Amino acid sequence: MYELFTLGGGVYLVDLLNAVAAITGGGAYIMLAQLAGVAGLAWILFRTAFGGSWKDNAKWILMFTAVWGAMILPRATVRVVDRLDAGLAPAVVANVPIGLALFASLTSQVGDGLTRLSEQAFTLPDDLRYQRHGMIFGSRLADAVTRMEITDAVFARNVRNYARQCIFHALLLGHISADDLRETTDLWTLVVNTGSPSAGATPARMVGFSPRGAAGAPGPTPVDTAIVTCAEAAARLTVQWGPEMDRAMGLFGWRLFPNAATEALARAELVAALPVAYDFLMGASRTAAGAIQQQMLLNAIHDAGEQWASEAGNAAALSAYTETRAEAQTVAAYRAIGRQAETWVPLLRIVFECLYVGAFPMAVLLMLTPAGGAFFRAYLGGFVWLQSWGPLYAILHRIALGEAAVGMSAVALMPGGDIGVSLVAQAGIRAVAADVAVMSGYLSMSVPFLAAALAYGVGRATTLASSVLHVGQEAAIGAAREGSTGNLSLGSTQVDTHRYATVEGRQVRTSAQVDTGRYSGYTPEGAAYTVAADGTAIADAAVATSRLPAAGVRLSESLAASHENRAVQSRTVAENLSAEAAAARTAAATDATAMVERHSRDVNVGTAHAHGVTESESQQAQDLSNHVDRLSEIAGITQDQAATLTAEASLGGGFGKAVRIGASGRASWRGQTIQSEAFNRMRDYAEQPQGGAGGWPGGEAGGRYSTATGESELASLEESYGTNLTRMERFEDRASASYTEADNWSAQAAQVRAEAQSIDRDLGQPFFAWLAERPGADGRRIGVGGALRLATPQTPEEAETLREYAAEFASERLPTPVAPQTASV
C-alpha cells in the first residue's frame, strides 16, 4: 500500500484517485492507448522512411513498453493522509495505476518528511505547526478570539446594561481607576469584586436586568424585565457565565475547526490550541475559557460604550468612537489583498496537486507518443515542484509566527507586569495579527516561484524577484512620479466609473465652487428638480420646453396676422349687418311717414275726430306738419323728404346718423345732397325743444290711429312698420357684437406682437414637435435633427422656410374664419 500525503486536499484527492482508477481500467481507455500506439508507430515509420534513426525508434519502443507495462497495467492501493484532516474517511483507494501511485507517494513522502523535519528543527508547539493547522494558525487564532462576542442575546444585553449603569458610572465617580480598567487581564473579577463600587459599594445604583423566563409551552421563551441593584446583577451574571461559556466553546470550536468530525472534537481542538497559542505568542498563561470570556467581555464593553455615548447625547465621544472604528476598518480593507493571498495561495497548491493527479490518464497517452520522454520528465517534475512547497511554507510559517510572537508579547505586557489581553491590548493584538497576515500573505505568493526555481533551475529566480518586488516597485515609482510632477492623489475613490467619447479642451476654472447638501435630477418629461438640504423641493419646468428664438418671432407674427384676419372678418360682418339695419330703418321710416301723413291729413280735414283722435294727438299731428314744413325750408328739400328724414332720424338716433357727412363737408341722404350750411341749420333746429322730440309723434300714434280707423291700408302699413323696426333692432345688435369682436381681435393681435417672448415659451415646444413630424423634400419626416436645423436659420432662404412653416402651424392650430355671407332675415 502506498501513502499519499497532502495538506487540506484529501477529500478531492480521494475522489480523483477513484476517477483515475475507473478511467484507466475501462475498455475505452485501452482503445485510446492502442490508437496512441498506432499513431506513434505510423509517425516513426514515416520518420524512418525519410532518414530517421533506428536508434530513436528503439527508444520509443522501449518507452512505450515501459510506460504501458510498468505504469498502467500493474495496480496498487493508495491511502490518502491529510495532515489537516485527521478524520478523513474513506481514505483508501484500490486499483490505482502503479505509475501514479508510485510517483505521487514517493514525492509526497519526500515533501512531507522534509516539512516534518523542518518543523521539528524549529521547535514549534505541536498545535501551532504548519502541518497541524496550516499557515500562521496561532496568529489567526489569536485574531479570531479578539472578535468573539457573547452568543446569547439576552445575556449580552444584561452585560451591556451592567457595563453602562454600573461600571461606567463607577468610573465617572472615580470609584474605579481608569488604568485598572484598561490594563486588567481579568476584567470580570475586577468589576464584580465585592469591594468594587460597580458591584455594590454604591447600594443605590440600580440597573435594568432581563431574566429569561422558564420554557413552557411550545413557542418563544418569554423575557421579563426587572430593576435590581448592581450587586445583585453581578451575582446573577456570574452564575450565567458558565452556561454561556459552554455554549460559546462549542459554537466557536465549529467555526475555527470546521473539519472536526463532531462538536466535542472541535471543542477539544479549541481548548487545546488556544492556551498554547497564548503562551507562545504572548507568554500569557490562560485557559481557553478564561481567554474567550475576557474577549467577549471586552467586546461587550466596547458595544456598551458606543450605546452609552449615543444615548447620553455625547456627540463628540460618539464621533470619536465611530471615527476610530472606521479607521480600523479602513486599515483592514487595505490589508484585504494580503488576506486573500493567505487564503488562496495554499488553495492553489491543492488545485495544482489535484490537477496533476487527475491529468494522469491524459499524461500517459502523451507519454505513449514518440515525444513521450519530454512529457514523462515534465509530469514527474510537476510532482517534485508541488511537494517542494511544503518545506518552504513551513519556513515561512515559522518566520511569521516568530514575528507575531514578538509583536503580541510586547502588546500584551501591561505596565504592572501582568501579561494578557486587556482593553488597551486588544486593538494591538488585532493589529499585529493583521500585519502578520499581510506579511505571510504576500510572502506566500513567492512560494510557488521559489519551488519552481528549485525544481527547474535557478534561472527562475529572476522571474521570482520581479514578481515579489513588483508591488513595492510600483508603489515607489508611483510616489516618485506624483512627487516630481506635482500630481498628488490621496484618498481618491472611483467606483464603477464609465466614460465614453469624452472630449474636453480649453477649460479654465479658477473660481471656487461649493455645492453641498442637495441633489438634483430630471423627470421623464424633461423638467429639472432640486431638493435642498432642508428638504425644500425646487422645480424648473422651463427646461422641458423647446426654446426657438427665430421660430418664436415668426410664430408671433403668424399668430398676430391670424388675429388681424379675424378682426377684419368680424368688421366686414358688422358693416354688412349695419347696412341691413340701415335698410330696415329706411323701410320703417317710410312706413311711419306714410301713417303719420294720413293721420295729419285726416286731422286737417276734420275726419280724425270721428275715429276717436284726442285733442292732444291732433295737436301733435299739427306740430309735426309745422316741423316738416320748417325742416323742408331749412334743408332745401321737399316736405315728403323732410318727413322721411325726420322719421329716420327719430328711429336711428338723430340726424347725425341718418345723414352722411362727406370729406368735402357736404351732407348726403338717399342720394340727395344737402349743403353743409343747411345741414348745420337743420341740426341746430333739431336740437331745439320745438324741433326735437316734441315735433315727432312717432310710429305709436300712427299705429293707434290705424287701429282706430280699421282701414286695411293703414293696417298693412302698421304691420310693415313693426316688421322693419324689429329687423332694424336685430341687425343693429348683431352689428354691435361684431364690431366688439373685431376690436377684441385687434387688441389681441397688438398684445401678441408685444409679447413675442411669451409666445416662444408657450408655442415653442408644440411647434417643434409639429415641425419634426412634417414631411421633408424626400417625403420622409423631417425628424428632430432636421427640425433643429430649420429652427436655427443661417440664410434668408432658411428664414423664409421657417416663416412658412410657422404660418402653416398657426393656420392649423388657429384656422382663419370663413368669409361671412350677407345676412338676411
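Quick note: the coordinates plus some simple rules give every number you see, no bench work behind them. Note that the structure is predicted; figures quoted are calculated from it, not measured. A quick note on method: Cβ atoms are made from the backbone with ideal geometry, for glycine too, and the neighbour counts reach across all protein chains shown.
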re the stretch 1-79: pairs of Cα atoms spaced beyond 15 Å account for a percent value of 68
With a Förster distance of 30 angstrom and the Cβ-Cβ distance between E808 and E575, calculated FRET efficiency to the nearest 0.05 equals 0.50
A chain fully extended from R255 to R79 at 0.36 nm per residue, minus the present Cα-Cα distance, gains in nm 60.5 nm
Given a Förster distance of 22 Å, the FRET efficiency implied by the Cβ-Cβ spacing of D778 and Y500, rounded to the nearest 0.05, works out to 0.10
Distance in nm between D743 and E798 label points, each 7 Å along Cα→Cβ, equals 4.6
For A235, placing the label point 7 angstrom along Cα-to-beta-carbon and taking the stretch 146-166, residues whose amide nitrogen sits under 16 Å are none
Place a point 7 Å from the Cα of R47 in the direction of its beta carbon; the residues of the stretch 358-394 whose amide N falls under 16 Å from it are 366-377
Two pseudo-spin positions, 7 Å from Cα along C-beta at A527 and at R212, lie apart in nanometres by 5.8
